[in-house]
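Every number here is computed from the coordinates shown, using simple stated rules; none is lab data. Model, not experiment: these values are computed from the prediction. Here the Cβ positions follow ideal geometry from the backbone for every residue, glycine too, while neighbour counts run over all protein chains shown.
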Amino acid sequence: MLTWIALLVAAAALGYAWLSRQSIHQLSSRLDRYNRSLLDTSVELRQLKEELADTRAELRAEILRGQSGPAFRPDLTIREVTALHPQAQEVLASFHIGGCSSCAADPDDTLARVCRSSGADLEQVLLALNSLLAAPASTEDGRVKLPNVELQF
């Protein structure tokens, strides 16, 4: 009789363990779905932040275009500088500050901070950038002729 009771308790424990495993499997599947959803939401949020930063830079560039005087200033971010003029990235690349893949800069860093960290002369960079807006010395394809820049390392 004691053997039968032990067998029944063992069978009940085995059934309970099986139900617990099923429950854990269901919870694990649900957790995986939530994690995937959270990751997708995180990626979408990151993309929206980038779009917002780009839109903000374009709006600030539009405001600066409407003002008189030099439009490029040390407090502008790299993103705003490139939004202000289509050839600004080429000028930055000529100074090796954020214009090419080998000298990449954070788009949200200011021009002054990037020049300071790379060792470029801020005044020369500003002069070259503002010359894009000053003279309409364009080439036959409508692009502004970039100023000659001498790099010293």
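Looking at the stretch 1-95, none of the trypsin sites (Lys or Arg not before Pro) sits in a DSSP loop with at most 15 other Cβ atoms within 10 Å of its own Cβ.
Each part reduced to its alpha carbon centroid, the stretch 48-122 and the stretch 1-20 end up 72 Å apart.
Once the Cβ-Cβ distance of residue 12 and residue 40 is raised to the sixth power relative to R0 = 35 Å, the FRET efficiency obtained is 0.25.
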